[in-house]
1. Within region A:42-57, how many residues are closer than 19 Å to A:F23 by Cβ and touching a residue at least 24 places away in the same chain (Cβ under 8 Å)?
2. So, in region A:46-95, how many residues would count as being of a type in the set (F, W, Y) and surrounded by fewer than 17 Cβ atoms within 10 Å (Cβ to Cβ)?
3. Criterion first (in a helix (DSSP H, G or I) and modelled with pLDDT under 90) does A:Y47 satisfy it?
4. Counting only residues that are of a type outside the set (V, I, T) and at the interface with chain A (Cβ under 7 Å from one of its Cβ atoms), which one in region B:33-49 is farthest from A:G91 (Cα to Cα)?
5. Give the residue that is surrounded by the most Cβ atoms within 10 Å (Cβ to Cβ), with candidates limited to residues of region A:1-26 that are more than 8 Å from chain B (Cβ to nearest Cβ), assigned to a helix (DSSP H, G or I) and of a type in the set (G, A, S).
6. I'm trying to understand the selection: among the residues of region A:130-158, which are without any contact (Cβ under 8 Å) to a residue 24 or more places away in the chain, facing chain B (nearest Cβ under 7 Å) and assigned to a helix (DSSP H, G or I)?
7. Which one of A:L106, A:L89, A:L96, A:L110 is over 22 Å from B:M63 (Cα atoms), within 9 Å of chain B (Cβ to nearest Cβ), without any contact (Cβ under 8 Å) to a residue 40 or more places away in the chain and over 21 Å from the mean Cα position of the chain (by Cα)?
8. Could you tell me which numbered condition B:E69 fails, if it satisfies all but one of (1) buried (at least 19 other Cβ atoms within 10 Å of the Cβ); (2) within 15 Å of the chain's Cα centre (by Cα); (3) charged (D, E, K, R)?
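The values are calculated or read from the model by the stated rules, or taken from the named source; none is laboratory data. Source: prediction; values computed, not measured. Methodologically, a virtual Cβ is constructed for each residue, glycine included, from the backbone with ideal geometry; neighbour enumeration extends over all protein chains shown.
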Amino acid sequence: MSDLSRYFFYLFSLLTIGSALAFVTRKGPVPAALWLVNTMFALSGLYVLLDAPFVGAVQVLVYAGAIMVVFVFVVMLLNLGRAGDRPDLRGIGGQLTAGVVGAALLALLLAARRGDAVLPALVPSSTSTSNVVEPVAQLLFTDYLLAFELTSIVLLTALVGAVVLAKRRTAA
Amino acid sequence: MISEALVVSAVLFVIGTIGVLTRKNAIVLFMCVELMLNAVNLSFVALSKLHGNAGQVFVILVMTVAAAEAAIGLALVIAVFRHFGTVDLSSLRLLKG
C-alpha cells in the first residue's frame, strides 16, 4: 500500500468520523441528513481505497443518492424541517445511559478486534482496474444466487408495504 | 489498513448506537440505524480484503435490505404522523401503563 493511499485512507477516516459526529449532534433533521450524506460519501472513498470500487459506486448511488433523498423528502413532506420547541435529545439520565452503553460497546468491539491482532499477509489485490464488477458479480450470481433472488422479493414486499402503509385512508 | 478500517467501523457503530439511544425524533433515529448499517458494511468490505469477495456481495445485499427498510420505516413514520400529529417518540406512550 503506497504512502499516498494510506494518507487518503486516514483523510477519509477522519472525514467519516467527523461527519458522523456532526450528524448526531445536529438538532434539526435536515442538517443531520446532510451530514449523513457527507458520511456516506467519505465512506465510499474508504471503500474505493479498500479495493472495492464497485461497492463505493453503489454506496454513492443507493445511500447518498436514493435513501437519503427519501429521508429528506419525508422530512419536507411532514414539514418537520425546523427544530421544534421540544428538545430532540432525551434527558440527562438517557444521555448518561447512552454514554455508558456506547463506551462499553466501543471497548467490546475494540477488544474483539484485538483478538486477531496478527492479521495474515494480505492477498495481493488484483491490479487490473478495468475489471471491478466481475469478481463481485461472479459470486453474486453463482454462490449467492438464492440470497440475490430473495432480496428481490424483499424489495417487492417493501414496495407494496410502503404504498399500503403511507396511503391516505379514504372513506374508511 | 484493515485494522484501522475496523476501528473506524467500531467508532461509527458506537456513534450510531449513541444516536439511537439519545434522539427522540423518529426520522433521525432511522438515520442513526442507517449509520450503524454503514459501519457494519465498512467492516464487511475491510474483511473482504482478507477473505475474498464474499464480503462485498454481503454489502450489496445489506444495502438492498437497508433501502427496503428505509422505505417501510418512513412509510410507518408517515402513518404515525398522520395518527398522532408528531414523530416525537417520547409522546407515543400508548403502551405505557
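1. Counting residues in region A:42-57 that are closer than 19 Å to A:F23 by Cβ and touching a residue at least 24 places away in the same chain (Cβ under 8 Å) gives 4.
2. Matching residues across region A:46-95 total 1.
3. In short, no.
4. Restricting attention to region B:33-49, the residues satisfying the condition of being of a type outside the set (V, I, T) are B:34-39, B:41-44, B:46-49.
Keeping just the survivors that are at the interface with chain A (Cβ under 7 Å from one of its Cβ atoms) gives B:34-35, B:38, B:42, B:46, B:48-49.
Values: B:E34: 24, B:L35: 23, B:N38: 27, B:L42: 32, B:A46: 37, B:S48: 41, B:K49: 42 Å.
Looking at the filtered set, the residue picked out is B:K49.
5. A:S19
6. If the condition is that a residue be without any contact (Cβ under 8 Å) to a residue 24 or more places away in the chain, facing chain B (nearest Cβ under 7 Å) and assigned to a helix (DSSP H, G or I), then A:P135, A:L139, A:L140, A:A147, A:T151, A:V154, A:L155, A:A158 are the ones that fit.
7. The match here is A:L89.
8. For B:E69, the failing item is (1).
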